[in-house]
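Participant: Have a look at this one before I ask anything.
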Amino acid sequence: MAPAATSTEWDHEYNTLRRQKLFQEPPTDRSAYPLLQVAVDPHIESFDALFKPDGLIERGLADIGTRIFLDGDDRSAPVGRNRLTIKYKSVQLQKSQIPITNKFAKNREILPAECRERHVTYRGKLSATFEYRINGGDPQEFTREIGQLPIMVKSRHCHLYNNSPAQLVAKKEESEELGGYFVVNGIEKIIRLLLMNRRNFPLAINRPSFANRGPSYTAYGIILRSVRPDETSQTNVLHYLNDGNITFRFSWRKAEYLVPVMMILKALVETNDREIFEGLVGAPNSKGIQNTFLTDRVELLLRTYKSYGIYTKAQTRAYLGEKFRPVLGVSETLSNYEVGTEFLRKIVLVHLGNVNVTEEQDSDKFRMILLMVRKLYALVAGDCAVDNPDAVQNQEILLGGFLYGQIIKERLDELMSTGLRAAFREYWRRFPGRTFTSQEFQKDFPAKIFTKLSENIGNLLEYFLSTGNLSSPSGLDLQQVSGFTVVAEKLNFLRFISHFRMVHRGSFFAQLKTTTVRKLLPESWGFLCPVHTPDGSPCGLLNHLAHKCKIMTSAVDASAIPQLAAELGVVDTSSAATDESVVVMLDGKIIGWCKPTESRRIADTFRYWKVEGSHGVPLHLEIGFVPSSNGGTYPGIYMSSEPARMVRPTKYLPLEKEDFVGPLEQPYMSIACTEPEIISGESSHVEFDPTNMLSILANMTPFSDFNQSPRNMYQCQMGKQTMGTPGTSLRYRTDNKMYRLQTGQTPIVRSPLHNAYGFDNFPNGTNAVVAVISYTGYDMDDAMILNKSAHERGFGHGTIYKTKKITLKEENRTKSAKNVTKLFGFAPNTLVRGWDRNMLGDDGLPHVGRCVQEGDVLCAWHTVSADYSGNLVNRDGVTHYEKYKDSEVAFIEEVRVIGSESGNEPMQTISIKLRIPRSPIIGDKFSSRHGQKGVASQKWPMVDMPFSESGIQPDVIINPHAFPSRMTIGMFVESLAGKAGALHGLAQDSTPFRFDEQNTAGDYFGHQLKMAGYNYHGNEPMYSGITGEELAADIYIGVVYYQRLRHMVNDKYQVRTTGPVVPTTGQPIKGRKRGGGIRVGEMERDALLAHGTAFLLQDRLMNCSDYSRSWICRTCGSFLSIQPTVSPFVGKKKTVSSVRCRNCAKRLDEMEDVDLTKVTGEIWEDGQGTQWVGGEDTTLVAVPGALKYLDVELAAMGVKLKYRVDPKDAPRKGPLVQTNWDALSAGKKANGLQPALVAA
Amino acid sequence: MSREAYQIPTSQGAGGPGAGNAAVAGRAVDNEGLPMLYICGDCGTKFPLKRGDTIRCIECGCRVLYKERTRRMVQFEAR
């Protein structure tokens, strides 16, 4: 008998032995934590959807279709020229493999772990098979390699696909490796989930910016984001004009085009005005005909279109074809009519018919546009309300894999249309005589012509993943061009898993000034977590999926629906009056109409069948029943079976079975939150658990229902900043920076989900005995006192791993042994300092296990060049060193020597992993799981800590003032529960919403405490550790799980007195990394001024900044004219004996008939030996360096600054009179600021 | 091995204990291309590499090699 399958059921207990066993013997059948994989599955499944049979790429190739090229002169008519038709037959992706040129490797697979270690991209060979025929001859095939495509880890094309934990461990992965990301240059990247408008659903929009589109445009419009079978989308918009007309708008290759909607209607089917009128308004005997608002406008619509004079379908298509021929870039061989057909195929409601469009599909499109027009008129008339595009109800999710596929498709399209066209043109230019039929061409065709075009699609996608920038000619119907990818940081496991559940609204909305898009709307219930969003700028834009929310990645089979609907009484005829008939739609296709009274019955019947699993109605079908209302949302039944929808499980009451509910249907359903809340006759569903609305992270906050809600938000953020356990395969990871908590524990207080998600494999904190007391004053203002002995026992001890990649390769060089210019190691046969020699091994790499300090060498290298026999010889005899630059002591953990994929390169790249121990020090940040963060302020000796009657001393002391305003009652409850759990040896279930007013948490855990012989309330008498006296009050003491956050003073502190300065001004430079200063800005200056601390101000702004002493001439008041005298006798000795002003001095040789005996003052010499006299009135002043710089800058502009060193130097105005200084008024003295500045 | 019996390896220690002298002698003659021991990331084989050798495991062709932990005494002030 085979051993029993690994159990996947988890409760809240510790399960120590079970976990131990899972660690020692990783299961060989399946993971014990399936929920983890489920959380990441949308990413992987969406990637897998690309390359499978009938996958998205294959459908995309069908949409790209066939290209026709003509030979010969471009300007001549198509007749008589040979034509070559070419199309993609298929595109294949291979698994990641060693290139065949490498003959040494035994194992040909390249595993993701190797890519991480080697800092390269995990990718596989992508190749495309083309099929072409010349002049309609026999089809011929050829295959081209189109680059190496990055592969998603754990996807079908990954070596880890469907691997058991045991296999994963053997392949150097986590036992619970999730995949869902790409490895690009050794960094793990994920494509963000993006919220998009709901597909194939006409959204009624009132957007003021619509009115800016041109004269007579109004704010009203209908947006329909139409999605092709290959998941690319094309948005169609109807605009309402002032006069009642309607225009159809679309954008194509980033340019917008407007077409009268009538033209589209007439082009789609062979129709007449009466059919359109009745299709919009309804049959002559229907109620819709009484709606004069509508009839007037439809009449106008029909009348204004008369001016075009185009009547039949053929005429209209030809007209459209003529106009859009240059836009679509189609072959010149197509007639106008065919181009018009192509236009309708490619742009108009592409979800209803995209490839080989049938007449029936065109008629579907026609009817859909009629519905859109109808809804638009209803919106304008006020008969229906606008749809909110910011509500989850009208949104779906763009999955990473689908976006990836869209880019690949577009690149393939570009390659064949633009790339191949240019290659042909180039070829005809070079060989004008040749044709498609000529012998030479047939020899050249695939090989020579294809080498001319850049066909590396893999590189483009690698660029996309590493930068997140989309460079696309069409824009892919997206609102942003950057920010599509993020690094999946493995700071701790919570952060890592959150990346996969993250949903972004789009970076376009981040710049929006209005906050409406950020609002938490009731529609998001159960789909997006209300708690888990960051505060600050991304608040409300960056949401996280509720943990039970699932994203559909493939369409469900809804083929039975139209037939069933017809049987239930859905008919083809309709009326514009929504109280007469409402639409029944499936995936944006109208399957009929029914009476509003019947619509509920139909929807309910479908739902019953759906949950029952009968009649071929799939369980994951969304049946969006919008009831008729007075001016509410446009009614109808909107069913959806397509991928990219969010769904979530709830219990369907009539059958007591699981039903999946979508966001469109949810607002119109009554889903009870708990069993007691079920209202008979109204509630159709009940939640399985109220915690289903929370994200994975929010579920980890114990007793979060007791907390004030912002505190839970803070915890969701801080949980992601915790220094925890990123994983167990740390040896095979080379993240730039990795944090690790050495002494992680499982929390005593946790919910069952903690186990189900396997978070005990990645502990994130430590259980600490916490006393809430104001003790010693070192716990003021969110500071916390650490017990020194707890610290010594390893409380919160952590480590940082840094990886430094050192490569000797020059960037963008082709790799080959000939290009090796540098090698690791000491230059041979040279003398090396013993100190450096000792720090490194003989190979020039550091000793593994060594301790390195600032300035120590990490490795040595020297230049080499090949000698005549091809040996690499060093010629200059110089050894270069790479130094360790950080100020902290680190240890060499690993030295990794990285070879090339081809296996024929000498040592060119190494990666050194450094370990930096970080035991908690004063200033490090800690937090409980309730948004209560604090900074360690003291490590208090154990003897001086307070102790309880049982001799317990707290590990952490926090201040009681942390609670009243923040109202984190959950922390009190956790403290109680933790204490009781520790005393009884229990794991405590902390799931929120388990207690109520009758059965309180305080009572439950209080009794547990009582049973253990402790105070029911959790208070205990305590004794001062210093005096031994009993404290006057009982102290609340319990066990709380504490997290150490990654913000540590060692990464933050910034002090300096002197250091590097900016050369121009002499002021300190900016930046902590470079030893710069912190700016004392204007506000800080104001504060110092207000305190009257003039010396401090002087110290900050002058002495510690750009203090400089400078000579100045008191007479002319200038810094710029002074110069030291040069004594002709002393020689070259640099002694500044005296400084003179050159401006005020006189040159002796320019004075006429000088009598040296009569010259007043000393004669001095400048550097050139010129003799001067005068200019002696100079003095030394202390000024800011910036002032001198300003002086020089202004002088360059021709502005002279004159400084008054003393009031006495002030220029006198008026006639010279004897001044009695003492008699001067006090006011005038105040005017003469020292040294005052007077612009001359 | 007791603390007193520990001897600081003099050379890079290619091969077993007996090979020490030979390696030192070889070093004196030819200072270039001294082999160091590396561990294959895949199969764990220990093998020497000389300056300018191609980086791959001699057994399995693996492209990631680890430098062996130093055999020198490594001691720090424990604080």
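The values are calculated or read from the model by the stated rules, or taken from the named source; none is laboratory data. Just so you know, these numbers come straight off a predicted model, no measurement behind them. Virtual Cβ from ideal backbone geometry, glycine too; neighbours counted across all protein chains shown. Just the protein is used for accessible areas: all its heavy atoms, side chains included, with ligands, DNA and RNA removed. Shrake-Rupley method; radii C 1.70, N 1.55, O 1.52, S 1.80 Å.
Participant: Can you tell me the accessible area per residue over the protein assembly as shown, all protein chains present, probe 1.4 angstrom, in square angstrom? If you can, show how the numbers build up before the last one.
Facilitator: Numbers: 60360 Å² over 1319 residues.
On a per-residue basis, 46 Å².
Participant: With a cut-off of at most 15 other beta carbons within 10 Å, and DSSP calling the residue loop, which GluC sites (Glu not before Pro) in segment A:883-965 qualify? Please list them. Could you put the intermediate results ahead of the total?
Facilitator: On the way: sites: A:Glu888, A:Glu893, A:Glu894, A:Glu901, A:Glu949; in loops: A:Glu888, A:Glu901, A:Glu949.
When the GluC sites (Glu not before Pro) of segment A:883-965 are filtered for loop state and at most 15 Cβ neighbours within 10 Å, A:Glu949 remain.
Participant: Still on this structure, please answer the following. Which FRET efficiency value, to the nearest 0.05, is calculated for A:His1017 and B:Thr45 with the Förster distance at 56 angstrom and r the Cβ-Cβ distance?
Facilitator: 0.30
Participant: Counting every Cα pair in segment A:916-985, what percent are over 14 Å apart? Write out the running numbers ahead of the final one.
Facilitator: Numbers: 1696 of 2415 pairs.
Value for segment A:916-985: 70 percent of Cα pairs lie more than 14 Å apart.
Participant: How far is it, in nm, from the label point at A:Glu682 to the one at A:Glu359 when both lie 7 Å from their Cα along the line to the Cβ?
Facilitator: 5.3 nm
Participant: Same structure again: Suppose each label sits 7 Å from its Cα in the direction of the beta carbon; what would the A:Arg108-A:Thr235 distance come out to in nanometres?
Facilitator: 4.7 nm
Participant: Sticking with this one: Counting pairs of Cα atoms in segment A:560-659, how many percent are more than 24 Å apart?
Facilitator: Working: 1043 of 4950 pairs.
It works out to 21 percent of all Cα pairs.
Participant: Can you give me the Rg/Rh ratio for segment A:558-611, using Cα atoms for both radii and the Kirkwood formula for Rh?
Facilitator: A ratio of 0.95.
Participant: Could you tell me, in Å, what Rg and Dmax come out for the Cα atoms of segment A:475-595?
Facilitator: 20.5, 60
Participant: Here's another thing I want to ask about it. Ignoring solvent entirely, what values of log10 I(q)/I(0) come out of the Debye formula for segment A:1050-1105 at 0.16, 0.24 Å⁻¹ when each Cα is a single scatterer?
Facilitator: Values returned for q = 0.16, 0.24 Å⁻¹ are -0.53, -0.98.
Participant: How large is the translational diffusion coefficient of segment A:262-327 in µm² per second when you combine the Kirkwood radius over alpha carbon pairs with Stokes-Einstein at 4 °C and 1.567 mPa s? Each step should come with its number before you reach the end.
Facilitator: Values: Rh = 12.9 Å.
The diffusion coefficient I find is 101 µm²/s.
Participant: Let me see the pair-distance distribution of segment A:218-312: every alpha carbon pair, 5 Å bin width, integer percents in order.
Facilitator: Result, from short to long distances: 3, 11, 19, 22, 19, 15, 7, 3, 1, 0 percent.
Participant: Follow-up question, since we're still on this one. Set the Förster distance to 45 Å, then compute FRET efficiency between A:Lys737 and A:Ser1138 from the Cβ-Cβ distance, nearest 0.05.
Facilitator: Values: r = 58 Å, r/R0 = 1.29.
Plugging the Cβ-Cβ distance into 1/(1 + (r/R0)^6) gives 0.20.
Participant: Follow-up question, since we're still on this one. Pull up all non-local amide H partners of A:Tyr1042: gap of 5 or more, or a different chain, and H-to-H distance under 5 Å with H placed in the peptide plane.
Facilitator: Close amide H contacts, sequence-distant or interchain: A:Thr766, A:Asn767, A:Ala768.
Participant: So what are the radius of gyration and Dmax for the Cα set of segment A:131-260, in Å?
Facilitator: 24.1, 71
Participant: Treat every Asp and Glu Cβ in chain A as -1 and every Lys and Arg Cβ as +1, leave all other atoms uncharged, and give the resulting dipole magnitude about the Cα centre to the nearest 20 debye.
Facilitator: Result for chain A is approximately 3840 debye, rounded to the nearest 20.
Participant: Which distance in nm do the two modelled labels at A:Leu1194 and A:Lys52 give, with both placed 7 Å along the Cα-to-Cβ direction?
Facilitator: The two pseudo-label positions are separated by 7.6 nm.
Participant: For segment A:589-651 and segment A:446-517, what is the centre-to-centre distance using only Cα atoms, to the nearest Å?
Facilitator: 34 Å
Participant: May I have the convex hull volume per residue, in Å³, for the Cα set of segment A:197-390?
Facilitator: Values: hull volume 23.8 nm³, N = 194.
Once divided by residue count, the hull of segment A:197-390 is 123 Å³.
Participant: Sticking with this one: Mind listing the long-range amide H neighbours of A:Gly1025? Cut-off is under 5 Å, sequence gap 5 or more, other chains count too, H placed in the peptide plane at 1.01 Å from N.
Facilitator: Here the answer is A:Phe947, since their amide H atoms fall under 5 Å of that of A:Gly1025.
Participant: Between A:Thr573 and A:Thr1160, 0.36 nm times their residue separation minus their Cα-Cα distance comes to what? The partial results should precede the final answer.
Facilitator: Working: separation 587, 0.36 × 587 = 211.32 nm, distance 11.79 nm.
Gain in length upon complete extension: 199.5 nm.
Participant: Within the accessible area of the protein assembly as shown, what % is carbon and sulfur when the probe is 1.4 Å and the other protein chains stay in place? Please report the intermediate quantities before stating the final value.
Facilitator: Details: 31560 of 60360 Å².
Carbon and sulfur together cover 52 percent of it.
Participant: Quick one: what are the phi-derived ³J(HN,Hα) couplings along segment A:188-204, Karplus 6.51/-1.76/1.60 with θ = phi - 60°, whole Hz, x for glycine and proline?
Facilitator: Residue by residue, segment A:188-204 yields 8, 10, 10, 8, 5, 7, 10, 7, 10, 5, 4, 7, 6, 10, x, 9, 7 Hz.
Participant: What's the extension gain from A:Ser471 to A:Val38 if we count 0.36 nm per residue and subtract their Cα-Cα distance?
Facilitator: Numbers: separation 433, 0.36 × 433 = 155.88 nm, distance 3.18 nm.
Value of the extension gain: 152.7 nm.
Participant: Let me ask something else about it. Could you go through segment A:1008-1020 in sequence order and give the Karplus-derived ³J(HN,Hα) for each residue, using 6.51 cos²θ - 1.76 cosθ + 1.60 with θ = phi - 60°, rounded to whole Hz, and x for Gly and Pro?
Facilitator: So the J values, rounded to whole Hz, are 4, 5, 4, 4, 8, x, 10, 5, 4, 8, x, 7, 9.
Participant: Over 5 Å intervals from 0, what percent of Cα-Cα pairs in segment A:71-198 sits in each interval?
Facilitator: Result returned by the calculation: 2, 9, 14, 15, 13, 10, 9, 7, 7, 7, 4, 2, 1, 0.
Participant: Any chance you could check segment B:44-60 for residues losing 20 Å² or more of accessible area when the partner protein chains are in, compared with the chain on its own (1.4 Å probe)?
Facilitator: Residues meeting the cut-off: B:Arg51, B:Gly52, B:Thr54, B:Ile55, B:Arg56, B:Glu59, B:Cys60.
Participant: Let me ask something additional. With charges set only on the Cβ (+1 for Lys and Arg, -1 for Asp and Glu), what does the dipole of segment A:1050-1105 come to about its Cα centre, in debye to the nearest 20?
Facilitator: Values: 9 positive and 5 negative charges, 70 e Å.
I would put it at about 340 debye.
Participant: Using the Kirkwood formula on the Cα atoms of segment A:506-554, what hydrodynamic radius do you get, in angstrom to one decimal?
Facilitator: On the way: mean 1/r = 0.0848 Å⁻¹.
About 11.8 Å for segment A:506-554.
Participant: Among A:Lys513/A:Lys589; A:Lys346/A:Lys409; A:Lys21/B:Lys67; A:Lys375/A:Lys550; A:Lys589/A:Lys657, which pairs are too far apart, with a Cα-Cα distance over 25 Å? Each step should come with its number before you reach the end.
Facilitator: Numbers: A:Lys513/A:Lys589 36 Å; A:Lys346/A:Lys409 14 Å; A:Lys21/B:Lys67 32 Å; A:Lys375/A:Lys550 31 Å; A:Lys589/A:Lys657 29 Å.
Result: A:Lys513/A:Lys589; A:Lys21/B:Lys67; A:Lys375/A:Lys550; A:Lys589/A:Lys657 exceed 25 Å.
Participant: I'd like the FRET efficiency for A:Met780 and A:Arg1056, computed as 1/(1 + (r/R0)^6) with the beta carbon distance as r and R0 of 25 Å, rounded to 0.05.
Facilitator: Once rounded, the FRET efficiency stands at 0.35.
Participant: How long, wide and thick is segment A:1025-1164, going by the Cα atoms along their three principal axes, in whole angstroms, largest first?
Facilitator: 101, 33, 31
Participant: Would you mind getting the Kirkwood hydrodynamic radius of segment A:1-146 from its Cα pairs, rounded to one decimal in Å? If you can, show how the numbers build up before the last one.
Facilitator: On the way: mean 1/r = 0.0478 Å⁻¹.
One decimal place: 20.9 Å for the Kirkwood radius.
Participant: Another one. Would you calculate the volume per residue, in Å³, of the smallest convex hull containing every Cα atom of segment A:409-547? Can you show the working numbers first?
Facilitator: Values: hull volume 23.2 nm³, N = 139.
Normalising the Cα hull of segment A:409-547 by residue number yields 167 Å³.
Participant: So what's segment A:624-761 giving for Cα Rg divided by 2.2 N^0.38 Å, two decimals?
Facilitator: Working: Rg = 20.7 Å, N = 138, 2.2 N^0.38 = 14.3 Å.
That works out to 1.45 for segment A:624-761.
Participant: Would you mind estimating how fast the protein assembly as shown diffuses translationally, via Stokes-Einstein at 10 °C and 1.306 mPa s with the Kirkwood radius over Cα pairs, in µm²/s?
Facilitator: On the way: Rh = 37.9 Å.
Reported coefficient: 42 µm²/s.
Participant: Hey, how many Å between the Cα centroid of segment A:817-847 and the Cα centroid of segment A:1137-1167?
Facilitator: Centre-to-centre distance over Cα atoms comes out at 63 Å.
Participant: Could you pull out every residue, at least 5 positions away or on a different chain, whose amide H is within less than 5 Å of the one on A:Val749? Hs are placed 1.01 Å off N in the peptide plane, and Pro or chain starts have none.
Facilitator: A:Gln988
Participant: Normalised by the residues of chain A, what does the relative contact order come to in percent, with Cα pairs under 8 Å and at least six apart? Please list the in-between numbers first.
Facilitator: Working: 2507 pairs, mean separation 108.7, N = 1240.
RCO, chain A: 9 percent.
Participant: Given the C-alpha centroids of segment A:38-79 and segment A:133-176, what is the distance between them in whole angstrom?
Facilitator: Cα centres, segment A:38-79 to segment A:133-176: 18 Å.
Participant: In addition: What number do you get for segment A:860-922 when its Cα radius of gyration is normalised by 2.2 N^0.38 Å, N = residues? Each step should come with its number before you reach the end.
Facilitator: Working: Rg = 17.4 Å, N = 63, 2.2 N^0.38 = 10.6 Å.
Rg over 2.2 N^0.38 Å, computed on Cα atoms: 1.64.
Participant: Per-residue Cβ counts within 10 Å, from other chains only, averaged over A:98-104: what number is that? Don't jump to the answer; show the numbers that get you there.
Facilitator: On the way: counts 2, 0, 0, 0, 3, 1, 9.
Mean shielding by partner chains, rounded to a whole number: 2.
Participant: Same structure, new question: In peptide A:891-898, what is the residue-averaged number of other protein chain Cβ atoms found within 10 Å of each Cβ? Working shown, then result.
Facilitator: On the way: counts 2, 4, 1, 3, 7, 6, 11, 5.
Averaged over the peptide's residues, the number is 5.
Participant: Quick check: convex hull over the Cα atoms of segment A:812-916, volume per residue in Å³, rounded to an integer? Intermediate values should be presented prior to the final figure.
Facilitator: Details: hull volume 12.3 nm³, N = 105.
Convex hull of Cα atoms, per residue: 117 Å³.
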